[in-house]
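The structure appears below as C-alpha cells.
The values are calculated or read from the model by the stated rules, or taken from the named source; none is laboratory data. Note that the structure is predicted; figures quoted are calculated from it, not measured. We place every Cβ from the backbone using ideal geometry, glycine too, and count neighbours over all the protein chains shown. These area figures cover heavy atoms from the full protein model, side chains too; ligands, DNA and RNA do not enter into them. Shrake-Rupley method; radii C 1.70, N 1.55, O 1.52, S 1.80 Å.
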Amino acid sequence: MIRALLCDLDDTLFDHAGATRDALAVVQATDAALAGWTLDEFDRRHRVVLEHLHTRVLADEYSVDDARVVRFQRLLADAGELAPDPDRLERLSWAYRHAYEAAW
C-alpha cells in the first residue's frame with residue numbers, strides 16, 4: 001500500500017525557473033519602468049522579493065494574489081516608481097500570472 005507520494009515540482013518535474021523568466025520577460029516588455037534592467041537583473045531582484053514575500057504568505061499575512069501585487073509594487077519602487085497606480089499593479093500581477101501559466 002502506498003501511503004505517500006512526494007514530488008518536487010520546482011525545477012525537477014516542472015521548470016519553475018524557466019516559466020518565471022518567460023513571465024518576467026512578458027511583464028518587462030509591457031512596463032517601461034521595469035525595462036531598465038536586464039532580464040537577468042530583473043529575475044534576480046524578483047527572486048529576492050518573491051522569497052521575502054513567500055514567508056509572509058506562509059505566515060498568512062498575505063494571500064498569494066495580494067503578495068503578487070505587493071511583489072510588483074516593490075519591484076517598481078526599486079525601479080524608481082514610488083507610487084504606482086493600483087490598476088497598473090493589478091495589470092502587471094495578472095500579466096505575470098497568465099504568462100507564467102502559459103509557460104508551463
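Looking only at residues that are assigned to a helix (DSSP H, G or I) and in contact (Cβ under 8 Å) with a residue 40 or more places away in the chain in region 52-90, which one is most open to solvent (accessible area, probe 1.4 Å)? Outline the logic, then answer.
First, the residues of region 52-90 that are assigned to a helix (DSSP H, G or I): 52-58, 64-78, 86-90.
After this cut, where a residue has to be in contact (Cβ under 8 Å) with a residue 40 or more places away in the chain as well, the list is 72, 75-76, 88.
Values: PHE72: 0, LEU75: 0, LEU76: 0, ARG88: 43 Å².
Out of the qualifying residues, it is ARG88.
Residues in region 60-72: is at least one closer than 16 Å to HIS16 by Cβ and more than 11 Å from the chain's Cα centre (by Cα)?
Checking region 60-72: not a single residue is closer than 16 Å to HIS16 by Cβ and more than 11 Å from the chain's Cα centre (by Cα).
Considering only region 13-28, I want to know if a residue exists there that is open to solvent by 80 Å² or more (accessible area, probe 1.4 Å), modelled with pLDDT under 95 and outside any helix (DSSP H, G or I).
Among the residues of region 13-28, at least one is open to solvent by 80 Å² or more (accessible area, probe 1.4 Å), modelled with pLDDT under 95 and outside any helix (DSSP H, G or I), which makes the answer yes.
Looking at (1) under 16 Å from GLY80 (Cβ atoms); (2) crowded, with 16+ Cβ neighbours inside 10 Å; (3) of a type in the set (A, V, I, L, M); (4) free of Cβ contacts under 8 Å to residues at least 24 places away in the same chain, which one does VAL49 not meet, given that it meets all the others?
(4)
Please determine, by comparing only the residues of region 29-51 that are more than 12 Å from LEU75 (Cα to Cα) and in a helix (DSSP H, G or I), which one is farthest from the chain's Cα centre (by Cα).
ALA32
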